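One structure below.
The values are calculated or read from the model by the stated rules, or taken from the named source; none is laboratory data. Remember, predicted model here, so these are calculated numbers, not experimental data. Using ideal geometry, Cβ is built from the backbone for each residue, glycine included, and neighbour counts are taken over all protein chains shown.
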Amino acid sequence: MKSQVLLLVSIALLTIPLLNYGQYTNDVNLNTRVSVLADDVTGVTGIAVTESGKTYITYLDGYFELKIQLLDANGHKVFDSAGLVLETAATSYSVAKSTQIITGASEDALVAFWNWNAGNIELFSVSPTGTVTDTLMCGTGSIPILEPLPSGAFILAFSRGDSTVIKKITSTSGVLSTEYSRTVNYLCRDMVALPNGNFYMVSFDLLPNPGYAYTYANYIDGNTGNPLWTNWTPCSSNTNTGLYTANVSCCVDNSNFLYVSNTYFAGMNRTAFTQRIDISGNALWGVNGYTLINDGVFNYQQRIFTLYDNSANELLCLINGQNVNDGSATNKICYQKISQSGIVQLSSSGIELAGAATNAALFGMDFCDNNIVYTYISGINNHIYASQINSAGTFLWTPNPLALNTTANSKSWVDALAIIRNNDLFVVFHETRGGHSGAYAQKVGCDGQLPTSVKKYKTEPGLIAIYPNPANDKIIVDCSNQKNIMLSLFNITGKLMLQKIIPEDKTTLDISTLPQGMYMITISNTRQTVIKKFFKE
């Protein structure tokens, strides 16, 4: 048989059904796949949602390439199915976890990335059409943090030595520029912008004992980057851990006073404290702040997430940890709230939302339709759950908790991210399925309803032909009356060799420079992705 045989078979026979390429689904054993099989994802690193409901997701593939993908409001991939590469062979995943994404009014994504190999901070501007419109090299440093300002500019802060570099960045038509650069004391861990354009910065002062730190706060002039308080305000005289196993949680109230919450060591125990600081830098709740749960039972509190309820003038807190630090799988989640005057509103034990039997790992909390939604991974069955409570701590969804993923594959809370926008919760996570690790997403409404759409397998884009196959120098791709389709060509290891939009229904590709071997072509429209194979002789 001649090699130039037209391989024309219907999609039902020729395509590999990519069940999780299409859209958001109510099948929580499936979810929506963000990456492709060839990626073998190392972990997810960032998520941001635009005003129109599009979701940017960054992840690190198995080749240590930083990639970004955009899902539309229905979960369809906007960029090429393999994602857009921002940086190649750049880092380790433990470093890439610090990647930050924010979006602006133009719905561009601004991605701050710590390139561990180069030892510097890079800032990318990515348009919703999949174009990197600008890249800004910000200098040596680590652990970038982004905070948008009311003006539309944003603050980039990153660590350099035992200090923090502050840069005010503007983006005009996707072009980035730096208004100023300042260096301040300590290592920034969070920022909160105020309506007047200034912002609070909360930082660690690392101690000689590795992994331990004091927590400080300052009020920064947004126009100059200079601290407005002469001295940094200590949030506690106790030490915390600077490792990623703990988080600092910050928010402001309706008086623009700052709340800083963290978990601090007290002998063999670890306790969640919160501090209230006024606009002049005065710590209002004593030297250490106030404890939130102090029942003598829940003694190893590792992480805390907080929100401020302006209607009730209360700080709402979720604390995650275990009764005793004994290495057992017994992590739980408790809820507590505290008034502006520093009075704890619930019992000394708070309200237990997820018991020790769940071994819950909390990774998200935010307001959703004026109530509280939080997300966690159960270390017992490896499922991902979400729950909604009101300010009194009463569960609102049925069923509760709501499963967002029910595969039994191992997951870590550091590999899961959650964000709420426009009354929808978006969760992205990393796990291995069928021997390939990938990034997956799930969406759920603030009413607790999963997307009602169910995957349907259609015959578009119709009949696909690639010929000759095998081929020496050229192949013809015939898309059967489908135009403006994205075509991507990968080698057997998954490396992207060529990518282009096919403006007509038939195109010729020059493959003369490709080495011999098998290649894969993906052909994508808004509904699905088709994979074809051919051999280069």
Query - Residue ID - surrounded by the fewest Cβ atoms within 10 Å (Cβ to Cβ), chosen from residues in the stretch 499-519 that are within 17 Å of Cys479 (Cβ to Cβ) and polar (S, T, N, Q) - result: Thr508
Report task. Just name the residue that is surrounded by the fewest Cβ atoms within 10 Å (Cβ to Cβ) out of those in the stretch 392-416 that are small (Gly, Ala, Ser) and at pLDDT 95 or above. Result -> Ala392
Requested in this report: Could you please find all residues in the stretch 117-136 being within 18 Å of Ile68 (Cβ to Cβ) and not β-branched (Val, Ile, Thr)?
Outcome: Glu122, Leu123, Phe124, Ser125, Ser127, Pro128, Gly130, Asp134, Leu136
**Report entry** Count of the stretch 312-342 residues which are under 21 Å from Cys251 (Cα atoms) and either buried (at least 23 other Cβ atoms within 10 Å of the Cβ) or in contact with a strand residue (DSSP E or B) (Cβ under 9 Å, 6 or more places away or on another chain) (or both)
**Finding:** 18
Query raised in the report: Given the residues Gly141, Gly62, which is the only one that is buried (at least 19 other Cβ atoms within 10 Å of the Cβ), of a type in the set (Gly, Ala, Ser) and either under 16 Å from Gly43 (Cα atoms) or out of contact with any Cys (no Cβ under 8 Å at 6 or more places or on another chain) (or both)?
Result: Gly141
Query raised in the report: Can you find even one residue in the stretch 345-357 that is surrounded by fewer than 22 Cβ atoms within 10 Å (Cβ to Cβ), of a type outside the set (S, T, N, Q), touching a residue at least 40 places away in the same chain (Cβ under 8 Å) and farther than 21 Å from Val34 by Cβ?
Result: yes
Requested in this report: Assess whether Tyr63 counts as being of a type in the set (Ser, Thr, Tyr) and modelled with pLDDT of 90 or more.
Outcome: no
Query raised in the report: Of the residues that make up the stretch 275-282, is at least one in contact (Cβ under 8 Å) with a residue 60 or more places away in the chain, at negative phi and not in a loop (DSSP other than H, G, I, E, B)?
Result: yes
**Report entry** Single match in Ile377, Ile389, Ile464, Ile384 (criterion: modelled with pLDDT under 90, touching a strand residue (DSSP E or B) at 6+ places or on another chain (Cβ under 8 Å), of a type outside the set (Lys, Arg) and buried (at least 20 other Cβ atoms within 10 Å of the Cβ))
**Finding:** Ile464
**Report entry** Unmet requirement for Tyr200, which otherwise passes all of (1) crowded, with 18+ Cβ neighbours inside 10 Å; (2) modelled with pLDDT under 95
**Finding:** (2)
Query - All positions within the stretch 253-308 that are out of contact with any helix residue (DSSP H, G or I) (no Cβ under 9 Å at 6 or more places or on another chain), buried (at least 19 other Cβ atoms within 10 Å of the Cβ) and of a type in the set (D, E, K, R) - result: Arg270, Arg276
